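Peer 1: Pasting a structure here, questions to come.
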Amino acid sequence: MTSVLQTVTFVEEECNDASSASCECDSRRIGPKQDEKGAPCKRAVIVHFRSEAIRDEVFRAHINLKEHNRTHKDSQVFLNEDLMAKRAMFTFKTRQLKREKKIADCWTHAGRVLIKALNGKITEILSEKDLVY
């Protein structure tokens, strides 16, 4: 299994613009080590950045991971913000709207859930009412 340090180093190398990330964060794995049959599980890594600037640098550079994920289907890496339950639910619902082609795009930034409507207008999702499309 890959260590947390190896994962952070890998992300740093793939996101070569984010050169100072490994010394500016704390990280830990979450989730069960084994499934119900005793087989090892892939476990998520939570990374806590010591500054918003470093976090933003890593997220800006993570676009470089898309090429890795295209060519390495067995070891794909995804970066997502660790959101509070309510905002995670909003994010899930906005992704559904995007799949249904009811909105143009959706993303999170600094804990905020944002969408781009089909007319190009960008809106922050603050409540369930904002999800009516």
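Peer 1: Applying the selection to the stretch 94-133, what residues are touching a strand residue (DSSP E or B) at 6+ places or on another chain (Cβ under 8 Å), surrounded by fewer than 15 Cβ atoms within 10 Å (Cβ to Cβ) and of a type in the set (V, I, T)?
Peer 2: I122, T123 - these are the residues of the stretch 94-133 that are touching a strand residue (DSSP E or B) at 6+ places or on another chain (Cβ under 8 Å), surrounded by fewer than 15 Cβ atoms within 10 Å (Cβ to Cβ) and of a type in the set (V, I, T).
Peer 1: Quick one: is A39 outside the structural domain of K116 (by TED's automatic domain parsing) and at pLDDT below 80?
Peer 2: no
Peer 1: Restricting the search to the stretch 57-92, which residues are of a type in the set (D, E) and either over 15 Å from the mean Cα position of the chain (by Cα) or within 20 Å of T123 (Cα to Cα) (or both)?
Peer 2: So the first thing to find is which residues in the stretch 57-92 are of a type in the set (D, E), and the list is 57, 67, 74, 81-82.
Hits for the stretch 57-92 are E67, D74, E81.
Peer 1: What residue, of F78, F90, is surrounded by fewer than 11 Cβ atoms within 10 Å (Cβ to Cβ) and not small (G, A, S)?
Peer 2: F78
Peer 1: With the structure loaded, tell me whether R95 is part of a helix (DSSP H, G or I) and under 16 Å from the mean Cα position of the chain (by Cα) or whether it fails that test. I'd like the intermediate steps shown before the answer.
Peer 2: Details: part of a helix (DSSP H, G or I): yes; under 16 Å from the mean Cα position of the chain (by Cα): yes.
So R95 fits the description; yes.
Peer 1: Within the stretch 50-66, identify whether any single residue is free of Cβ contacts under 8 Å to residues at least 12 places away in the same chain and part of a loop (DSSP other than H, G, I, E, B), and answer yes or no.
Peer 2: The answer is no; no qualifying residue exists.
Peer 1: Collect the residues in the stretch 74-133 that are of a type in the set (D, E) and either closer than 18 Å to F59 by Cβ or touching a Phe, Trp or Tyr at 6+ places or on another chain (Cβ under 6 Å) (or both), keeping them in residue-number order.
Peer 2: So in the stretch 74-133, the residues of a type in the set (D, E) come out as 74, 81-82, 100, 105, 124, 128, 130.
Within the stretch 74-133, E81, D82, D105, E124 meet the criteria.
Peer 1: F90: in a helix (DSSP H, G or I) and either of a type in the set (F, W, Y) or under 19 Å from R43 (Cα atoms) (or both), yes or no? Talk me through it step by step, then tell me what you get.
Peer 2: Working: in a helix (DSSP H, G or I): yes; either of a type in the set (F, W, Y) or under 19 Å from R43 (Cα atoms) (or both): yes.
Spelling it out, F90 is indeed in a helix (DSSP H, G or I) and either of a type in the set (F, W, Y) or under 19 Å from R43 (Cα atoms) (or both).
The values are calculated or read from the model by the stated rules, or taken from the named source; none is laboratory data. Nothing here was measured: the structure is a model prediction, and the numbers come from that model. When we count neighbours, we look across all protein chains shown, and the Cβ atoms used for this are built from the backbone with ideal geometry, even at glycine.
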